[in-house]
Amino acid sequence: MRRYNQLYKLAFAFFALTLAQSCKKSNGIDNNTVIKKPYGLYIGTNSGDLIKTNDGLNFSTVFGADRIPYRAILTAGPTNLLIVKSNVHLSENGGRNFNPVYTQYPAPDFMAKWNSMILNVEGHGRIYLSSIDPATKGIVYSEDNGKKWLPDDNWDEGLIGGGITSFAQLKNGALFAFGDANDSLYLRNDKEDSWSHYPTNVTHPAGFSYLSRFNNTLLLTDYNGVEGVHYSNDSGKTWTKYQGLPANVKLYATHAPFDRVLLVGTDSMGVYRLENGIFVPANNGLETYTTVYAIAGEEDVYKNGVEKKYIYIATDKGLYRSDDMGFSWALMLEGDFGALH
């Protein structure tokens, strides 16, 4: 009988320990503390609303509709939020109030409807922004998270500059700016460096091309889709065109979330995903004829170190999310969305 009682006690102790562990953890996630580092995703509607979510399930309106679509959204510092519409506006309280901070900006019909027109380069302690101010060479910057903007006058002697449409920084730190004046590519390795002209072999339509990156691969996308997406593995000296994208279809967004997958958002043909060097449709879960305007990656970091990565796309049918690096999509919120950050 004594041996039976001992076995019973051991079995009960094991059951209690198992039950305690199962209450504490589910699927490897520590449910007692849940998320250690939540994300904050800002979503701009094409009617002008600004919406925020921390989990893709619950949404709050940060800024009401003003009938002006978003061209870019950027966060800077602990609380600063920058939006680009007709002008650049700054909120220092998480979006409750916005004030214009830069007005020498191209009108929406003139150029630049992509998020890479503005870039936060943390290693430089600067935000770079394209400009049409004739007193600049096409670039201004802010060193106080968007409050004050200064012309970037540090250029190699003799460079004209101008017509800057976008920026991209490779993982190795090289910062590039693209100007549509003569398909001009400019390079800066650090903030003390002058902008230098970088000759290339690529020709893209003036005013309608923008930079992005995939690790240390530099990308140049034709917004109108005529030239598609070109890539360079030698920092922009030589370029090759990716195959597989639809011809003459607008390419609204080219983005590599987490530098793990390269996606392109198209006009009415959904998302294309780079696989083995060729773009293929990746529209499982999307409605037919979906237009994809913006792409962003977000992640949850849990107390036990588990990370879960999500990719969001802003479309004319709603906000969609992928949990499998862009192979399939689930609708999170209905609406007509044009910008993400």
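The values are calculated or read from the model by the stated rules, or taken from the named source; none is laboratory data. Not measured: the values here are computed from a predicted model. Please note: Cβ atoms are built from the backbone with ideal geometry, for glycine as well, and neighbour counts cover all protein chains shown. Quick note on the areas: whole protein, heavy atoms, side chains included, nothing else; ligands and nucleic acids left out. Shrake-Rupley method; radii C 1.70, N 1.55, O 1.52, S 1.80 Å.
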* Quick one: helix 2-24 against the long Cα principal axis of the chain, what's the angle to the nearest 10°, folded into 0 to 90? -> 20 degrees
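Starting from the Cα-Cα distance between residue 260 and residue 86, subtract it from 0.36 nm times their residue separation and give me the gain in nm to one decimal.
Contour length minus the Cα-Cα distance gives 59.3 nm.
Expected output is a single nm value to one decimal: the length gained when fully extending between residue 304 and residue 159, i.e. 0.36 nm times separation in residues minus the C-alpha distance. What is it? Working shown, then result.
On the way: separation 145, 0.36 × 145 = 52.20 nm, distance 5.20 nm.
Gain on stretching residue 304 to residue 159: 47.0 nm.
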* With DNA, RNA and ligands ignored, accessible area of residue 260 (1.4 Å probe; Å², nearest 10) -> 140 Å²
* GNM, the chain, Cα, under 10 Å: largest mean-square fluctuation among 247, 76, 296? -> 247
* To do: Identify all lysines with a Cα-Cα distance to residue 37 below 18 Å; exclude those on the same chain that are fewer than 8 residues away in sequence.
  => 25, 52, 303, 308, 309
* To do: Provide the packing ranking of 117-129, 149-161, i.e. peptides ordered by the mean count of other C-beta atoms within 10 Å per residue, highest first.
  => 117-129, 149-161
* What is the gain in length, in nm to one decimal, between residue 334 and residue 58 on full extension, counting 0.36 nm per residue of separation less the C-alpha to C-alpha distance? -> 98.1 nm
* Structure fact -> So the carbon and sulfur contribution to the accessible area of region 41-148, 1.4 Å probe, in percent, is 47 percent
* Rounded to the nearest 10 Å², what accessible area does residue 113 show when all protein chains are kept and the probe is 1.4 Å? -> 90 Å²
* Asked: Per the helix-only calculation at 222 nm, which mean residue ellipticity applies to the chain, given -39500 (n - 2.57) for every DSSP H run of n ≥ 4 and division by its residues, nearest 500 deg cm²/dmol?
  -> -2500 deg cm²/dmol
* Structure fact -> Note to self: C-alpha centroids of region 270-340 and region 198-246 sit apart, in Å, by 22 Å
* Hey, if we sort 275, 334 by accessible area with the 1.4 Å probe, largest down, what's the order? -> 334, 275
